[in-house]
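Read the structure below first, then the notes.
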């Protein structure tokens, strides 16, 4: 297996010589800030503030943005991993711990091929009145199914095709997602998934074909 040094990239994933305990500590420090920005976004959507308060808020937020951005590197944040197998993708649109745009989606493996996800979708994710935007549903399903295709993070897989059937509208609020790896033939992986509303209604069904890139398959063979 190829020896990696800090900063090396494999298929766009960056290796970092940072112990998991330190990665966890950084996440814990920034998580309250991301949650506060989510609350701010919700307040902006609902607010009836007057011009004076809005002008003051813009100035204060701009100043905080300037301070927080000092020294921040430009460009994509990407996904990193360390020698312990810990990976982190803090800017991920579905699960990024430091991305206030992410719902976020919380995932857990039931077993190697079955993953369950949970999310609480408020006004920031609204499409039709009182309902989750269809594109947000697609985002969550795509990420969930990709994680499922990873076979408990033992293989890398990217979306080839994603087919969705919207069977019912999905109300805002808490939703549950289920995904199952149903078939794998060499680098081709089939995954099926659903999103279930709070009342138990299956709102969306999806089928995806995920592909393990050649570089990832060759890396696995070297191990």
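Listed by position, the strands (runs of 3 or more DSSP E) enclosed by segment 123-223 include none that has at least 3 residues that are assigned by TED's automatic domain parsing to the domain that holds residue 39. Residue count for segment 40-66 satisfying the condition of being under 22 Å from residue 122 (Cβ atoms) and not in a helix (DSSP H, G or I): 3.
State yes or no: is residue 133 surrounded by fewer than 15 Cβ atoms within 10 Å (Cβ to Cβ), under 20 Å from residue 176 (Cα atoms), at pLDDT 95 or above and over 14 Å from the mean Cα position of the chain (by Cα)? So residue 133 does not fit the description; no.
Here residue 172 meets each of (1) modelled with pLDDT under 95; (2) in contact with a helix residue (DSSP H, G or I) (Cβ under 8 Å, 6 or more places away or on another chain); (3) crowded, with 17+ Cβ neighbours inside 10 Å with one exception, condition (1).
As a summary of the residue check, residue 97 satisfies the conditions (1) within 18 Å of the chain's Cα centre (by Cα); (2) on the phi > 0 side of the Ramachandran plot except for the one numbered (2).
Inspect segment 2-20 for any residue being modelled with pLDDT of 95 or more and outside any loop (DSSP other than H, G, I, E, B) and give the result as yes or no. Within segment 2-20, not a single residue is modelled with pLDDT of 95 or more and outside any loop (DSSP other than H, G, I, E, B).
Residues 95, 110: which one is within 25 Å of residue 211 (Cβ to Cβ), in contact with a strand residue (DSSP E or B) (Cβ under 9 Å, 6 or more places away or on another chain) and free of Cβ contacts under 8 Å to residues at least 40 places away in the same chain? Sole residue among the options that is within 25 Å of residue 211 (Cβ to Cβ), in contact with a strand residue (DSSP E or B) (Cβ under 9 Å, 6 or more places away or on another chain) and free of Cβ contacts under 8 Å to residues at least 40 places away in the same chain: 110. Per this entry, residue 72 is not counted among residues that are in the same structural domain as residue 35 (by TED's automatic domain parsing), closer than 26 Å to residue 15 by Cβ and buried (at least 16 other Cβ atoms within 10 Å of the Cβ).
Quick test for you: out of 37, 23, pick the one residue that is touching a strand residue (DSSP E or B) at 6+ places or on another chain (Cβ under 7 Å), touching a residue at least 12 places away in the same chain (Cβ under 8 Å) and in a helix (DSSP H, G or I).
Values: 37 fails: touching a strand residue (DSSP E or B) at 6+ places or on another chain (Cβ under 7 Å).
Of 37, 23, the one residue that is touching a strand residue (DSSP E or B) at 6+ places or on another chain (Cβ under 7 Å), touching a residue at least 12 places away in the same chain (Cβ under 8 Å) and in a helix (DSSP H, G or I) is 23.
How many residues are surrounded by 16 or more Cβ atoms within 10 Å (Cβ to Cβ) and in a loop (DSSP other than H, G, I, E, B) if we restrict to segment 87-121? Final tally of qualifying residues: 17.
The values are calculated or read from the model by the stated rules, or taken from the named source; none is laboratory data. What you see is a predicted model, and the numbers here were worked out from it, not measured in a lab. Virtual Cβ from ideal backbone geometry, glycine too; neighbours counted across all protein chains shown.
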